1. Restricting attention to the stretch 18-26, does a residue exist that is in contact with a helix residue (DSSP H, G or I) (Cβ under 6 Å, 6 or more places away or on another chain) and at pLDDT 85 or above?
2. Would you confirm whether or not the stretch 121-129 contains a residue that is in contact with a helix residue (DSSP H, G or I) (Cβ under 9 Å, 6 or more places away or on another chain), assigned to a loop (DSSP other than H, G, I, E, B), modelled with pLDDT under 80 and surrounded by 10 or more Cβ atoms within 10 Å (Cβ to Cβ)?
3. Residue under question is residue 98, and the condition is that it be in contact with a helix residue (DSSP H, G or I) (Cβ under 7 Å, 6 or more places away or on another chain) and surrounded by fewer than 12 Cβ atoms within 10 Å (Cβ to Cβ); does it hold?
4. If only one of 74, 103 is at negative phi, in contact with a helix residue (DSSP H, G or I) (Cβ under 8 Å, 6 or more places away or on another chain) and at pLDDT below 80, which one is it?
């Protein structure tokens with residue numbers, strides 16, 4: 001079994017699961033697992049048991065899969081915490097995408113009239129530039 005491809009894959013998966021459980025197990029409670037299980041179960045209603053069996057799960061094996069998923073998410077968050085310097089650098093690079101429109105007119109009175117007209121519409125926000 002250890003020499004076959006599937007055997008190696010199962011062994012590797014078991015080692016990863018144990019490592020995640022050892023390092024991050026305290027951060028994933030049984031109640032979190034059960035709550036997520038109940039949420040998914042309620043989405044399927046009466047077809048839940050047939051859905052589980054279709055995908056080859058039992059209730060306990062599916063809960064175990066949920067736990068592994070939650071442990072992986074916690075581990076990823078733990079490994080990917082940005083430093084303050086990284087956050088500041090990203091903030092400096094951030095440029096929101098903004099769409100603007102200009103209306104060019106010769107007289108200031110006409111411009112103010114157009115601004116009032118646009119400002120009265122519900123979905124338009126204008127800033128007057130002097």
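The values are calculated or read from the model by the stated rules, or taken from the named source; none is laboratory data. As the structure is a computational prediction, the values presented were derived from the model and not from experiment. When we count neighbours, we look across all protein chains shown, and the Cβ atoms used for this are built from the backbone with ideal geometry, even at glycine.
1. Looking only at the stretch 18-26, we keep the residues that are in contact with a helix residue (DSSP H, G or I) (Cβ under 6 Å, 6 or more places away or on another chain), and these are 20, 24.
Right, trim to at pLDDT 85 or above and you get 20, 24.
Among the residues of the stretch 18-26, at least one is in contact with a helix residue (DSSP H, G or I) (Cβ under 6 Å, 6 or more places away or on another chain) and at pLDDT 85 or above, which makes the answer yes.
2. Within the stretch 121-129, one or more residues are in contact with a helix residue (DSSP H, G or I) (Cβ under 9 Å, 6 or more places away or on another chain), assigned to a loop (DSSP other than H, G, I, E, B), modelled with pLDDT under 80 and surrounded by 10 or more Cβ atoms within 10 Å (Cβ to Cβ).
3. On the way: in contact with a helix residue (DSSP H, G or I) (Cβ under 7 Å, 6 or more places away or on another chain): no; surrounded by fewer than 12 Cβ atoms within 10 Å (Cβ to Cβ): yes.
It is false that residue 98 is in contact with a helix residue (DSSP H, G or I) (Cβ under 7 Å, 6 or more places away or on another chain) and surrounded by fewer than 12 Cβ atoms within 10 Å (Cβ to Cβ).
4. Of 74, 103, the one residue that is at negative phi, in contact with a helix residue (DSSP H, G or I) (Cβ under 8 Å, 6 or more places away or on another chain) and at pLDDT below 80 is 103.
Rundown of residues vs (1) in a helix (DSSP H, G or I); (2) surrounded by 12 or more Cβ atoms within 10 Å (Cβ to Cβ); (3) on the phi > 0 side of the Ramachandran plot, yes/no style:
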| position | (1), (2), (3) |
| --- | --- |
| 9 | yes, no, no |
| 37 | yes, yes, no |
| 41 | yes, yes, no |
| 45 | yes, no, yes |
